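Chemist: Okay, here's the structure, questions in a sec.
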Amino acid sequence: MMFPYIYIYIYKHCSTPSITSQATTPFTFYFAIMASIFSPLTTIFFFLIVLWGGEARDPFACDPKNAATRGLPFCKTSLAIAERVKDLIGRLTVEEKVSLLVNNAAAVPRLGIKGYEWWSEALHGVSNVGPGTKFGGQFPAATSFPQVITTAASFNASLWEAIGQAASDEARAMYNGGTGGLTYWSPNVNIFRDPRWGRGQETPGEDPLVAGKYAASYVRGLQGSDGDRLKVAACCKHFTAYDLDNWNGVDRFHFNAEVSKQDMEETFNVPFRMCVKEGNVASVMCSYNQVNGVPTCADPVLLNTTVRGLWGLNGYIVSDCDSVGVFYNSQHYTSTPEEAAADAIKAGLDLDCGPFLAQHTNNAVKKGLLSEADVNGALANTLTVQMRLGMYDGEPSGHPYGNLGPRDVCSPSHQHLALEAATQGIVLLKNKGPSLPLSTRTYRTLAVIGPNSNATVTMIGNYAGIACGYTSPLQGIGKYAKTIIHEMGCANVACRDNKQFRRAINAAQQADATVLVMGLDQSIEAETVDRAGLLLPGHQQDLVSKVASASKGPTILVIMSGGPVDISFAKNDPRIEGILWAGYPGEAGGAAIADILFGTSNPGGKVPMTWYPEGYVEKLAMTNMAMRSRKSKGYPGRTYRFYSGPVVYPFGYGLSYTNFVETLASAPKVVSIPVDGHRHKNTSNIANKAIKVTHARCAKLSVSLHVDVKNVGSRYGTHTLLVFSAPPPGKAHWAPHKQLVAFHKVHLPPKAQQRLQINIHVCKLLSVVDTSGTRRIPMGSHTLHIAHLKHSLTLHPLIL
């Protein structure tokens, strides 16, 4: 494209101080120069071309200028996609088919089809982790939203969908500009089962309902709502029971997750089922690990029977990168590579991230281990998704999203959304006094201390791209404080020595208030890096305590981390008057932190995972996948649903600068459960039992609650209403202590009240799973918990 060269020429030969001094951005500089040379109309026309995106991307396939292919049936948009796919597959040789089974799918020049890289990532904004997307030229960056664990803390499904919409705008724009793909292997919806897991930061937390709602919402945002047509194709990963990377000598490539049918149905598979059935995701990724001795990417029960059969996936199944090679080379699941290729494809795998299927599938067909029809089935699933994306519809500029271009990437609205997402996700954990928010009149000189105090890249976590720009905590606080004394205290988050402590202590002694920004980064928790414990790394705790002891004014602790940290010392230290958890808050994280510290924004986040004390993990193997506690064996259980021991902060905890009161306006006390009469003849026989969900008439079986939420404080605020259910005591000893059945975000001015209607689907949300993996509805008195409210709801069988 000529635009950069025009700029270089103008800059070297035509710029004048009077023009360049007034240009505050590259755009205004270009505009000022152009306007000084050409007429205003010509200048505006030129910039409309530039902003639209410059040169259009060449068609991926079915180029209308290619006379040899434009009339072929697979290029005719008037035909049904299934017909087009069948026609295309029928024109491919076996060798060509095999070359399309991998992420870097080969071109088929004789049919006018270009090569395609399937692997792109958009975990929390367009990323350059996958080779399918590259930054540069017209697209030097993309909006980097907070890490998923942070936005999960907002408990705001509409926010999750909005982030997906913004990310897909930017993804489509980059595709139109020739620098991105359309298949994004996001989101990660694994359950954050163990607090040490390095990739827990990528997930929506420990609760299956939250993870599932997040999955469906984010996927809807990414994929759009244009019927069967896709804006981009999302992918829920990593299926299934994957939540260990590298712990105590056990890595994900060799790990066999031993999971009960009960835990699989009730916990690990829930987010994926919701992603497929409610989010209509276009892809599911199988994981590296084995489940009960079988690699997930070679398990026909998981892939064909469950994902495609029971859940009805309308899309393709892809392996985690090199997973097929892993189960052959590292897990030694098959004797030959051809057997591995055949097992994967026949199990339901359609696409291999890696070269394995391209290398060995043809020989598998020749040896009779696999039929060409099996290969055709895999291709039908991937090609169907590409056609739903419009990749075989010719000129991209004529597509529904063909108008998206550079102006839609890092747009002001997207960057504002990144700030809003960070603000909604930050959690206030402690506010003694209250000391927060800080007054700019009282606290004019601030000490800002800590290894994350001037963080930028740390704030965007992993699977991120190049951010549009950063506001670090130091910069954010600088907009409020008259004077800042900045000290790192430690060279980095490892904090291996106390050499910088003295300067940090001196700063705290001079300041009116002290803000410590501590925590973790990707050197401590990341993909392939699981933590050994839950304490702050190195000497961080000692630094916090010494600075707090010396501080002239209030000390506020800000924690950046993906996983929970045992900060019991700070929670119990009266000299530490406020604590915020910021997660990894994205490119605008420093602004969001400062806005909350000084009261421009009111915190409303809730932690989406349990914060355990260090003692919880001291004798707990990450490899033990059991969710339920076994007190006789000293096993504590996992997550708030099954663990009842001491915590630092419980799941769903978070404070506000205002106060909210919930009142139950109306709720049923008894609900009749319609039960098929041919299965249960006698009501008295099942009145005290847990009946199978499949025996109930579940279609419209819902409980409606009306809850009044009032802001009784003096500040505008957001409140997260969490509704938990506890099953009848003693009826199902294998049931969770309690489980989240609904959540809702409400925004209220001071003294305002809003009535919320909460609908709880009985079969989905008041059911529990027995030891055989069967979902059942316990009859009797269930207890609904809403903050401090309790309501008894009796379920009674009605024989039909």
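The values are calculated or read from the model by the stated rules, or taken from the named source; none is laboratory data. Treat the numbers as computed from the prediction; the structure is a model and nothing was measured. For neighbour counting, all protein chains shown are included, and Cβ atoms are generated from backbone atoms with ideal geometry for every residue, glycine included. The protein model used for the area step is the full one, side chains on, heavy atoms only, and it has no ligands, DNA or RNA in it. Shrake-Rupley method; radii C 1.70, N 1.55, O 1.52, S 1.80 Å.
Chemist: Could you give the accessible area per residue of the chain, probe 1.4 Å, as a whole number in Å²?
Modeler: With the other protein chains kept in place, the chain gives 37 Å² per residue.
Chemist: Let me ask another. List, in the order given, every pair from Lys669/Lys692; Lys430/Lys669; Lys479/Lys571 whose Cα-Cα distance in the structure shown is over 26 Å. Walk me through the intermediate numbers first.
Modeler: Numbers: Lys669/Lys692 22 Å; Lys430/Lys669 37 Å; Lys479/Lys571 28 Å.
Violating the 26 Å Cα-Cα cut-off are Lys430/Lys669; Lys479/Lys571.
Chemist: If you don't mind, another one. Under a Cβ-Cβ cut-off of 14 Å, what is the net charge of the residues other than Gly489 that fall near it, where Lys and Arg count +1 and Asp and Glu count -1? Could you put the intermediate results ahead of the total?
Modeler: On the way: positive: Arg496, Lys499, Arg502, Arg503, Lys546; negative: Glu487, Asp497, Asp542.
Computed value for this residue: +2.
Chemist: Over 28 Å between Cα atoms, which of Lys261/Lys346; Lys277/Lys367; Lys213/Lys432 qualify?
Modeler: Beyond 28 Å: Lys277/Lys367; Lys213/Lys432.
Chemist: Moving on to the next point. How do the peptides 285-293, 339-347, 140-148 rank, highest first, by the average count of neighbouring beta carbon atoms within 10 Å per residue?
Modeler: Put in order of decreasing packing, that is 140-148, 339-347, 285-293.
Chemist: Give me the net charge for the shell around Pro195: Cβ to Cβ below 11 angstrom, other residues only, Lys and Arg +1, Asp and Glu -1. Could the numbers behind the result be given before it?
Modeler: On the way: positive: Arg193, Arg196, Arg531, Arg638; negative: Asp194, Glu206, Asp243, Glu525, Asp530, Asp566, Glu614.
Result for the neighbourhood of Pro195: -3.
Chemist: With N set to the residue count of segment 222-366, report its C-alpha Rg divided by 2.2 N^0.38 Å to two decimal places.
Modeler: Rg over 2.2 N^0.38 Å, computed on Cα atoms: 1.04.
Chemist: Here is a follow-up. When only Cα pairs under 8 Å and 6 or more residues apart are kept, what is the percent relative contact order across the chain?
Modeler: For the chain, the relative contact order is 13 percent.
Chemist: Then there's this: Counting only Cα, what are the radius of gyration and maximum Cα-Cα distance Dmax of segment 492-639, in Å?
Modeler: 17.1, 54
Chemist: Ok, one more. Please list, or write none, the aspartates and glutamates whose alpha carbon is within less than 13 Å of the alpha carbon of Lys65, excluding same-chain residues fewer than 8 places away.
Modeler: Correct list for Lys65: Asp393, Glu395.
Chemist: As I understand it, the dipole of segment 506-618 uses +1 on the Cβ of Lys and Arg and -1 on the Cβ of Asp and Glu, about the Cα centre. Which of Ser545, Gly586, Ala513 lies farthest toward its positive end?
Modeler: Farthest towards the positive end: Ala513.
Chemist: How large is the translational diffusion coefficient of segment 121-166 in µm² per second when you combine the Kirkwood radius over alpha carbon pairs with Stokes-Einstein at 10 °C and 1.306 mPa s?
Modeler: It diffuses with D of about 137 µm²/s by this estimate.
Chemist: Now a separate question. If packing is taken as the average number of other Cβ atoms within 10 Å across a peptide's residues, how do 296-308, 356-368, 585-597 rank, most packed first? Walk me through the numbers before you get to the answer.
Modeler: Details: 296-308: 22.2, 356-368: 20.2, 585-597: 28.7.
Per-residue mean Cβ counts within 10 Å order the peptides as 585-597, 296-308, 356-368.
Chemist: For segment 437-535, compute Rh as the Kirkwood radius over C-alpha pairs and then the Stokes-Einstein diffusion coefficient at 10 °C and 1.306 mPa s; write the answer in µm²/s, rounded to an integer.
Modeler: Translational diffusion coefficient: 107 µm²/s.
Chemist: Quick one: compute a quarter of the convex hull surface over the Cα atoms of segment 254-335 and quote it in nm².
Modeler: 5.2 nm²
Chemist: In addition: Using the Kirkwood formula over every pair of different C-alpha atoms, what hydrodynamic radius in Å results for segment 312-457?
Modeler: Result for segment 312-457, one decimal place: 21.0 Å.
Chemist: Among residues other than Ile345 whose Cβ falls under 14 Å from its Cβ, what is the net charge (Lys/Arg +1, Asp/Glu -1)?
Modeler: Summing Lys/Arg as +1 and Asp/Glu as -1 gives -4.
Chemist: With r as the distance between the Cβ atoms of Thr442 and Leu310 and R0 = 60 Å, compute the FRET efficiency 1/(1 + (r/R0)^6) and round to 0.05.
Modeler: The computed FRET efficiency comes out at 0.50.
Chemist: Taking just the C-alpha trace of segment 92-135, give me its Rg and Dmax in Å.
Modeler: When restricted to the Cα atoms of segment 92-135, Rg and Dmax are 12.9, 39 Å.
Chemist: Hey, could you pull the Cα Rg and Dmax for segment 326-395, both in Å?
Modeler: Taking only Cα atoms of segment 326-395, I get Rg and Dmax of 13.8, 46 Å.
Chemist: Another one. Straight distance only, please: which aspartates and glutamates reach the Cα of Lys700 with their own Cα at less than 18 Å, same-chain residues fewer than 8 apart left out?
Modeler: Straight-distance partners of Lys700: Glu278, Asp676.
Chemist: Here is a follow-up. With bins 5 Å wide starting at 0, give me the P(r) of segment 155-205 over every alpha carbon pair, in whole percents.
Modeler: Bin by bin from 0 Å, the calculated values are 5, 17, 19, 19, 17, 13, 7, 3, 1.
Chemist: How long, wide and thick is segment 701-797, going by the Cα atoms along their three principal axes, in whole angstroms, largest first?
Modeler: 51, 22, 19 Å, listed from the longest principal axis down.
Chemist: Now for a separate question. I want to verify the translational diffusion coefficient of the chain in µm²/s; compute it with Stokes-Einstein, Rh as the Kirkwood radius over Cα pairs, at 20 °C and 1.002 mPa s.
Modeler: Estimated via Stokes-Einstein, D reaches 76 µm²/s.
Chemist: Separate question: Find the eigenvalues of the gyration tensor of the Cα atoms of segment 375-466, then list the square roots of 5 times those eigenvalues as equivalent ellipsoid semi-axes, largest first, in whole angstrom.
Modeler: Its equivalent ellipsoid spans semi-axes of 47, 18, 13 Å.
Chemist: Of all the accessible heavy-atom surface of segment 253-412, with the other protein chains kept in place and a 1.4 Å probe, what percent is carbon and sulfur?
Modeler: 49 percent
Chemist: Can you tell me the order of 202-209, 326-333 when each peptide is scored by its average per-residue count of other Cβ atoms within 10 angstrom, highest first?
Modeler: 202-209, 326-333
Chemist: OK, next. Whose amide H sits under 5 Å from the amide H of Ala742, counting only residues 5 or more places off or on another chain, with H placed in the peptide plane?
Modeler: Distant-sequence amide H within range of Ala742: Val723.
Chemist: Which of the aspartates and glutamates could a cross-linker span from Lys751 if the Cα-Cα distance has to be under 20 Å and same-chain partners fewer than 8 positions apart are dropped?
Modeler: In chain and number order, the partners are Glu662, Asp708.
Chemist: Further question: Rounded to the nearest whole Å³, what is the per residue volume of the convex hull around the Cα atoms of segment 445-490?
Modeler: Taking only Cα atoms, segment 445-490 has a hull volume of 61 Å³ per residue.
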